[in-house]
1. Using only the C-alpha atoms of the range 133-172, find the volume of their convex hull and express it per residue in Å³.
2. Which of the aspartates and glutamates could be linked to Lys15 by a straight reach, that is with a Cα gap under 16 Å, when you skip same-chain ones fewer than 8 residues away?
3. Where does the range 1-54 land on the Kirkwood hydrodynamic radius, alpha-carbon pairs, in angstrom?
4. Give the whole-number value, in cubic angstrom per residue, of the convex hull volume spanned by the C-alpha atoms of the range 112-151.
5. Could you calculate, for the range 55-126, the ratio of the Cα radius of gyration to the Kirkwood radius, expressed as Rg to Rh?
6. Relative to the compact-globule scaling 2.2 N^0.38 Å, provide the ratio for the alpha-carbon radius of gyration of the range 87-145.
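All of the numbers you see were taken from the coordinates with simple rules; none came from a lab. Not measured: the values here are computed from a predicted model.
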Amino acid sequence: MLMGLKTASLLSFQKSRFDDFEAMLADYLPCFNCKGISVFRLSEGEEYVLLLFYRKKSLLKDLAQPAAKKILKQLGYRHDDTLMGMLEYLKMRMQLKKSFPHEVGLFLGYPPEDVAGFIQHKGQDFAYSGYWKVYVNERETRALFDLYADCTQDFCLRLEGGASLPDLVKAV
């Protein structure tokens, strides 16, 4: 996501591993914002925080797909809600379920057909499993997963090699 390939990513942080997590996040927010990345607190406890990093234009486009809209409507999302309203509803559903609701995949840019397949088959009978469980377009999705893996490896190597996070984050 930080390299501009994905719509969104979920990252969990153990707050105690940082001297001041809130200050560290505040320091990085301008960098993320200027590169088109927004941050939403999806879940937070005393020790951990789960943040959704997303590219607003891409997420709006993904959620506007007819197949995505159909899934969201079936799960109680309002068709006329704002993006922030949908994120708040997702957050509420996570709190109620105490787990990830199936539609979280739509917010991460997964193909709606795979999210629908996951719901219909209860996570079973998939064609392939990688970054998500694949029910359609296996060949294309495997190639995408390979691209994600290569990008992640390159990103980590460059970070370990001394590159700064702001320099690695791509604007799109």
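1. That works out to 81 Å³ per residue.
2. Asp27, Glu44, Glu46, Glu47
3. 11.7
4. 55
5. 0.94
6. Numbers: Rg = 12.1 Å, N = 59, 2.2 N^0.38 = 10.4 Å.
Scaled against compact globular proteins, the figure is 1.17.
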